[in-house]
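Written out below as structure tokens is the structure these notes cover.
The values are calculated or read from the model by the stated rules, or taken from the named source; none is laboratory data. Computed from a prediction, not measured in an experiment: that's the story for all the values here. Don't worry about glycine lacking a Cβ; one is built from the backbone with ideal geometry, like all the others, and counts go over all protein chains shown. These area figures cover heavy atoms from the full protein model, side chains too; ligands, DNA and RNA do not enter into them. Shrake-Rupley method; radii C 1.70, N 1.55, O 1.52, S 1.80 Å.
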Amino acid sequence: MDGRTNLVTLKRRTPLAVLLLTPLAVSACSGGSAEAGFEPEPDALQVYSSQHRNVTEAWAEAFTEETGIPTQVREGQDSSMGQMIVEEGDASPADVFLTENSPAMTVVERAGLLAPVDDVTLGQVRDGMAPSSGDWTAIAARSTVLVYNTELITEAELPTSIMDLADPAWDGRWAAAPGGADFQAIVAGMLADQGEEATGAWLSALAENAEVYQNNIATMNAVSAGEVPVGIMYHYYWYRDQAGDREGSADTALHYFGNEDPGAFVSLSGGGVLASSDMPDEAQRFLAYVTSPAGQQVLVDSGSMEYAVGRDVASDPALPPVAELGAPPVDPFTLDADEVVSLMTDAGIL
């Protein structure tokens, strides 16, 4: 199955449609919902993670090797894991929460379940890579991009802003994966930058004009196959494929909107310490390690092609420098997952 889904058909299909479009719960690179039958190991630091498995496990193993503190990783998806922590409340076994996108972290933060991150840890990440609240920190970053088929469209014909895709001229000519947590984080950035009216209008145009796919990888594959000229996604899927066999990205290139356009939104993967943690000191040490030069180098060496956020740690040399992306100045603390779901529902997407 190529991942393509007609939006009209999708809205009529149950229960698959409900599963596919669970708000902020679908991610191409996470595992499924939180592991069933999970049993916390005594004396192990509990790391709830919706980040890439290989990165999280590498962080956990390196931290244990350096400190002697045992860790146990419980995997899940962004929103489902965030909501699970909220439901568990103070009884949650979680000591640390790692996300792919920040809206899942703000769900937990707004429930009052996070402890302030140590100042030393916050000082290890670059400016703009932590929310104004100081209750969590970035651990990695990913940039919004437009992937395009170089055989179907020239660089000069590309939109200068992501907002231009709402124009009827793009009807049927662009792709997106609105059911995924990644895309919904992009919309949350747009909402914070452009406001409700402009974002709502753009989403309505998406419902009318866009070709809908299941996830970022399916979107990229569709553009590469010539099904559609352009698609919205995150950068690292393309770079990972390019570093491999290029099967899903042949005849494609990336367009960075820059200029503080909402299409240049940089999403932060978050890390936070639960206020109810039974191992608060160890949890803070884990987050300090993840954001340290050693921990950020683990991220770079993992091949995930995400951006490092630590000071003085260079990302993979294939990536354009994060400082040159021209991202809009959006405080990740302001990203509102609930409002995004409401707007997408109103537009008939969810």
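Odds and ends about this structure:
- Taking (1) touching a residue at least 40 places away in the same chain (Cβ under 8 Å); (2) open to solvent by 30 Å² or more (accessible area, probe 1.4 Å); (3) over 30 Å from A169 (Cα atoms); (4) not hydrophobic (A, V, I, L, M, F, W, C) in turn, G271 satisfies each apart from (2).
- For region 283-290, the count of residues that are of a type in the set (S, T, Y) and open to solvent by 10 Å² or more (accessible area, probe 1.4 Å) is at least one.
- E151 falls short on exactly one of the conditions (1) over 24 Å from Q214 (Cα atoms); (2) open to solvent by 10 Å² or more (accessible area, probe 1.4 Å), and that condition is (1).
- Candidates in region 300-315 are the residues that are open to solvent by 40 Å² or more (accessible area, probe 1.4 Å) and closer than 18 Å to V125 by Cβ; of these, the one that is farthest from the chain's Cα centre (by Cα) is D312.
- Of the residues making up region 134-148, one or more are open to solvent by 10 Å² or more (accessible area, probe 1.4 Å) and either assigned by TED's automatic domain parsing to the domain that holds M305 or without any contact (Cβ under 8 Å) to a residue 24 or more places away in the chain (or both).
- Inspection of region 257-268 identifies no residue that is β-branched (V, I, T) and over 16 Å from the mean Cα position of the chain (by Cα).
- E227 falls short on exactly one of the conditions (1) out of contact with any strand residue (DSSP E or B) (no Cβ under 6 Å at 6 or more places or on another chain); (2) charged (D, E, K, R); (3) buried (at least 24 other Cβ atoms within 10 Å of the Cβ), and that condition is (3).
- Residues that are open to solvent by 20 Å² or more (accessible area, probe 1.4 Å), assigned to a loop (DSSP other than H, G, I, E, B) and touching a helix residue (DSSP H, G or I) at 6+ places or on another chain (Cβ under 6 Å) within region 86-111 comprise just one, A111.
- Residue in region 65-84 that is hydroxyl-bearing (S, T, Y), farther than 16 Å from S269 by Cα and open to solvent by 10 Å² or more (accessible area, probe 1.4 Å) present: yes
- On the stretch given as region 290-311, residues that are among the β-branched types (V, I, T) and over 21 Å from T64 (Cα atoms) total 1.
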